[in-house]
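Here's the structure, in structure tokens; my notes come after.
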């Protein structure tokens, strides 16, 4: 009887250790996915003032559009630094809308559109936007794996025992998932 009890305890111990280690890996994948997004957000944050300065030289009458981008950039930075994913999703939507409006207005400024520095910055920011979207997808998948795993029995017992918790998905702002009126963007 004692041997059976020891065998059962050994199996339970191995299961707990394996589950714990698996949950640690998943938790660290979520942290790594967030760190990847954070790096890209920081890079874009550093590039936007250069873009705004380049545009200011040409777009004397478009200060409201430029101001919207500056304010949205600030809100993204605040949400990123405070790790407030709900606010980050909303701020990202506002920043993307501001950039979309800015890039649409550039069509009215052929000299700016032809400016080599502007073209470089526009390409750089567009590339960062694509990378952020890819990393956001990876982050949300990592969060989903974590949240499902710690909610499934019997893993939830180990998760609760060792304090593993859920993570919040990085959600899109409502305006970001709606169709874009391209005609309105170009003043048609």
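Here, each number is a calculation from the coordinates, and none is a lab measurement. Since the model is a prediction, treat every value here as computed from it, not as a measurement. Every residue, glycine among them, receives a Cβ derived from its backbone with ideal geometry; neighbour counts consider all protein chains shown.
Evaluating kT/(6 pi eta Rh) at 20 °C and 1.002 mPa s, with the Kirkwood radius of the range 52-120 over Cα pairs in the Stokes-Einstein relation, gives 169 µm² s⁻¹. Look at 82, 142, 108 and count the other Cβ atoms within 10 Å of each Cβ; fewest to most, that gives 82, 108, 142. Spin-label pair residue 9-residue 53: with each label point 7 Å from Cα along the Cα-Cβ axis, the two points sit 6.9 nm from one another. Here the Gaussian network model covers the chain, with springs between Cα atoms less than 10 Å apart; of 43, 67, 152, 152 fluctuates the most. Residue exposure proxy: 83, 120, 61, ordered by other Cβ atoms within 10 angstrom of their Cβ from fewest to most, comes out as 61, 83, 120. When each of 167, 153, 5, 162 is scored by the number of other beta-carbon atoms lying within 10 Å, the sequence from fewest to most is 153, 5, 162, 167. Sequence-distant contacts, meaning Cα pairs under 8 Å at least 6 residues apart, place the relative contact order of the chain at 31 percent. To the nearest 10 degrees, how steep is helix 2-56 against the longest Cα principal axis of the chain, on a 0 to 90 scale? Helix 2-56 sits roughly 10 degrees off the main axis of the chain. For the options 14, 158, 25, a Gaussian network treatment of the chain with springs between C-alpha atoms closer than 10 Å singles out 14 as fluctuating the most. If R0 is taken as 45 Å, the Cβ-Cβ distance between residue 153 and residue 67 corresponds to a FRET efficiency of 0.30. In the chain, helices alone account for a calculated mean residue ellipticity at 222 nm of -28000 deg cm²/dmol, with every DSSP H run of four or more residues adding -39,500 (n - 2.57). Taking 0.692 mPa s as the viscosity and 37 °C as the temperature, the Stokes-Einstein diffusion coefficient of the chain based on its alpha-carbon Kirkwood radius rounds to 170 µm²/s.
Between 96, 160, 135, the residue with the greatest mean-square fluctuation in the GNM of the chain (Cα pairs under 10 Å linked by springs) is 160.
Once both axes come from the Cα atoms, what is the angle between helix 116-151 and the longest principal axis of the chain, in degrees from 0 to 90, rounded to 10? Approximately 20 degrees, to the nearest 10. Label-to-label distance, residue 46 versus residue 166, with points set 7 angstrom from Cα along the beta-carbon direction: 3.6 nm. In the chain, the longest principal axis of the Cα atoms and the axis of helix 85-106 are about 30 degrees apart.
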